[in-house]
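None of the figures in this text is laboratory data; all of them are computed from the coordinates on show. Note that this is a predicted model, so its numbers are computed, not measured. Please note: Cβ atoms are built from the backbone with ideal geometry, for glycine as well, and neighbour counts cover all protein chains shown.
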Amino acid sequence: MVWKHSSLVAEVRTDAAGRVALLHLDANQPVVLTGPAEAIWQLIDGRRDEADVIAELQAEFEDTTGQLVRQVEGFLASLEAQRLIESANEAGK
């Protein structure tokens, strides 16, 4: 699956702190991402599929538990459930 940021999400980034705050325009509370979560958000660009995102994360972060794939899939599902990301394949439909 190729994901992209939802067009209904406002984003504020602090590059020095490696943090991004997201707010879906229909939500009441922002979501703040740091560390690996912020890195995943950066990799969601409408071109990379999940395998590409996972490969880049594996190159950047040590996966000592062997849970990276499952954790990334769960995190992407969470972002989708919060309507922060959407399928790039279906976005134009």
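A few comments on the model shown:
- Estimated distance in nm for a label pair at Ala21 and Asp52, the labels positioned 7 Å out from Cα along Cα-to-Cβ: 3.1
- Close amide H contacts of Val2 (hydrogens built in the peptide plane, cut-off under 5 Å, sequence separation of 5 or more or a different chain): Ala88, Asn89.
- Segment Gln71-Arg13, length gained on full extension (0.36 nm per residue, minus Cα span): 18.6 nm
- Prolate/oblate/rounded call for the chain, Cα gyration tensor, a/c under 1.5 rounded: oblate
- Additional length obtainable on full extension of the chain from Ser78 to Gln29, 0.36 nm per residue less Cα span: 16.2 nm
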